[in-house]
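Inspection log for the structure reproduced underneath, given as structure tokens.
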Amino acid sequence: MLVEKNVPLQPYNTFHIVAKAFSLVRVTGVDVLDQVLADPELAAEPRFILGGGSNIVLTGDVRPLVLKVEVMGRRVLQETDKGTVIEVGAGENWHELVAWTLDQGYPGLENLAMIPGTVGASPVQNIGAYGLELQDRFHSLDATDLVTGARYTLDAAQCGFGYRDSVFKHPAPDAASAALGADGAPVTGFGLRDRVVITHVRLFLPKPWKPVLGYADLERKMIETGITAPDARQIFDWVCAIRSAKLPNPAVLGNAGSFFKNPQVTREQCDDIIQREPRIVHYPLDNGAVKLAAGWLIDACGWKGKSVGNAAVYERQALVLVNRGDATGGEVMTLARAIQTSVYERFGIQLEPEPVVV
Ligand code: EPU
């Protein structure tokens with residue numbers, strides 16, 4: 001096991017913020033985690049788990065030991081007439097996985113094309129786009145506990161998936177406390193952030209394949225092209241085209257995707273806002289609540305193109321903050337707070353950031 005010192009993190013976060021890790025270990029397999037835990041010095045250190053760095057804002061150098069997940073490999077684990085289970089190393093690139101499954105003849109992930117980041121990060125925030133969320137295709141994952149070294153397999157219920165949420169986003173109340181049940185698996189409801197490392201994710205792609213087409217942007221594509229029964233490859237191509245038109249490519253312009261979650265309000269709150277703002281974009285949910293488009297709220301407050309230092313609001317999608325070059329995490333957060341204040345003052349709604357602030 002190699003402990004690298006003073007490692008630049010700019011290449012490892014899609015915002016391209018300059019920061020360094022005081023120490024970093026590349027986790028290429030579970031054996032590396034065993035070695036970290038067996039090392040008396042490293043075992044006692046706090047840790048920070050880094051996947052593709054596509055959902056973090058670095059506000060300074062990272063003092064905890066960075067565990068950079070680089071577990072590779074993808075394979076078909078099981079195929080029945082009900083569906084296919086694919087097992088993937090947490091360090092694999094998400095978009096390449098989506099493309100690979102299509103090439104292998106296993107459709108089902110096409111709506112999630114072009115989402116930046118790694119496979120191991122996908123359950124952390126339950127990635128979602130164009131009518132599909134990871135939890136809709138999730139089978140199970142393998143994780144290693146960084147306190148006890150135990151390995152376990154978690155199913156969807158144990159991951160506690162919600163909208164851009166899971167147990168992996170919430171800190172354990174006390175890292176040393178027993179977050180595990182009698183069977184050694186985590187008790188749902190506890191935070192597992194920085195407590196476990198996800199090493200493998202298994203996805204279930206159901207048969208027969210059914211397209212997920214409800215999202216407005218996809219319906220528009222069907223009308224434009226006249227294709228009413230697209231195959232998975234067609235949907236993949238549409239999603240790539242829609243994302244390329246709306247969202248900045250992190251390789252060109254640093255960003256972490258949507259910076260805020262779409263807020264949920266009650267029907268009454270929504271009716272109240274509609275009285276004042278009839279054009280507000282909103283979606284009624286099955287549970288009776290209403291989801292508001294945060295991008296619309298920010299846009300309505302006039303933020304598109306505005307900046308703080310080198311951090312700016314993307315011109316084509318107000319929900320995305322971008323790094324115009326050498327932005328600091330502090331600038332990004334100052335801009336984010338100014339947006340939160342102005343949306344709160346105008347709409348009475350508190351926006352919640354989506355990325356993890358480090
Ligand atoms: N809108 C505006 N102005 C803007 C941005 C959006 O008026 O500047 C309006 C749009 O016209 C549209 C509505 O807001 O009517 C929703 O916009 P869009 O379809 O672009 O989706 P979103 O709600 O802004 C969410 C996800 C994206 C995901 C898309 C497609 C969240 C926080 N974001 O964005 O996820 O790709 O839907 O499913 O849920 C991400 O999480 O990083 C991400 C990019």
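The values are calculated or read from the model by the stated rules, or taken from the named source; none is laboratory data. Since we're looking at a predicted model, the values are computed, not measured. Reconstructed Cβ throughout: ideal geometry from the backbone, glycine too, with neighbour counts over all protein chains shown.
Against the definition (in contact with a Phe, Trp or Tyr (Cβ under 6 Å, 6 or more places away or on another chain), at pLDDT 95 or above and away from the ligand (no atom under 16 Å from the Cβ)), how does Leu154 come out, yes or no? So Leu154 fails the test.
The criterion of being within 16 Å of the ligand (Cβ to nearest atom), crowded, with 17+ Cβ neighbours inside 10 Å and of a type in the set (Ser, Thr, Tyr) holds for Tyr314. Would you say Trp100 is hydrophobic (A, V, I, L, M, F, W, C) and surrounded by fewer than 18 Cβ atoms within 10 Å (Cβ to Cβ)? For Trp100, the condition - hydrophobic (A, V, I, L, M, F, W, C) and surrounded by fewer than 18 Cβ atoms within 10 Å (Cβ to Cβ) - is met.
Can you confirm whether Arg233 is of a type in the set (Lys, Arg), in a helix (DSSP H, G or I) and under 30 Å from Gly329 (Cα atoms)? No; evaluated as a whole, the condition is false for this residue. Is it fair to say Ile227 is in a loop (DSSP other than H, G, I, E, B), at pLDDT 95 or above and surrounded by fewer than 19 Cβ atoms within 10 Å (Cβ to Cβ)? Taking the combined requirement at face value, the residue satisfies it.
The number of residues in segment 234-279 being surrounded by 12 or more Cβ atoms within 10 Å (Cβ to Cβ), among the aliphatic types (A, V, I, L, M) and in contact (Cβ under 8 Å) with a residue 24 or more places away in the chain comes to 8.
Just the residues that are basic (Lys, Arg) and away from the ligand (no atom under 12 Å from the Cβ), please, taken from segment 245-285. Passing the criteria: Arg267, Arg276.
Yes or no: segment 280-299 includes at least one residue that is within 27 Å of Gly214 (Cα to Cα), of a type in the set (A, V, I, L, M) and assigned to a strand (DSSP E or B). Yes: segment 280-299 contains one or more residues that are within 27 Å of Gly214 (Cα to Cα), of a type in the set (A, V, I, L, M) and assigned to a strand (DSSP E or B). Just so you know, in segment 95-115 the residues that are under 19 Å from Tyr215 (Cβ atoms) and of a type outside the set (A, V, I, L, M) include one that is nearest to the ligand (Cβ to nearest atom), and it is Asn111. Listed by first and then second residue, the pairs linking a residue in segment 298-317 that is modelled with pLDDT under 95 to a residue that is in a loop (DSSP other than H, G, I, E, B) and surrounded by fewer than 20 Cβ atoms within 10 Å (Cβ to Cβ), with Cβ atoms under 7 Å apart and 6 or more places separating them unless they lie on different chains, form an empty list. Gly128 passes every criterion in (1) surrounded by 20 or more Cβ atoms within 10 Å (Cβ to Cβ); (2) modelled with pLDDT of 95 or more; (3) within 16 Å of the ligand (Cβ to nearest atom) apart from (1). Scanning for something out of contact with any strand residue (DSSP E or B) (no Cβ under 9 Å at 6 or more places or on another chain) and more than 24 Å from Ala245 (Cα to Cα), does segment 298-307 turn up at least one residue? No; the residues of segment 298-307 include none that is out of contact with any strand residue (DSSP E or B) (no Cβ under 9 Å at 6 or more places or on another chain) and more than 24 Å from Ala245 (Cα to Cα).
Screening Ile242 on (1) more than 11 Å from the ligand (Cβ to nearest atom); (2) β-branched (Val, Ile, Thr); (3) not in a strand (DSSP E or B) shows it passes everything except condition (1). Is it fair to say Ile273 is β-branched (Val, Ile, Thr), outside any loop (DSSP other than H, G, I, E, B), under 13 Å from Ile339 (Cβ atoms) and not assigned by TED's automatic domain parsing to the domain that holds Gly131? No.
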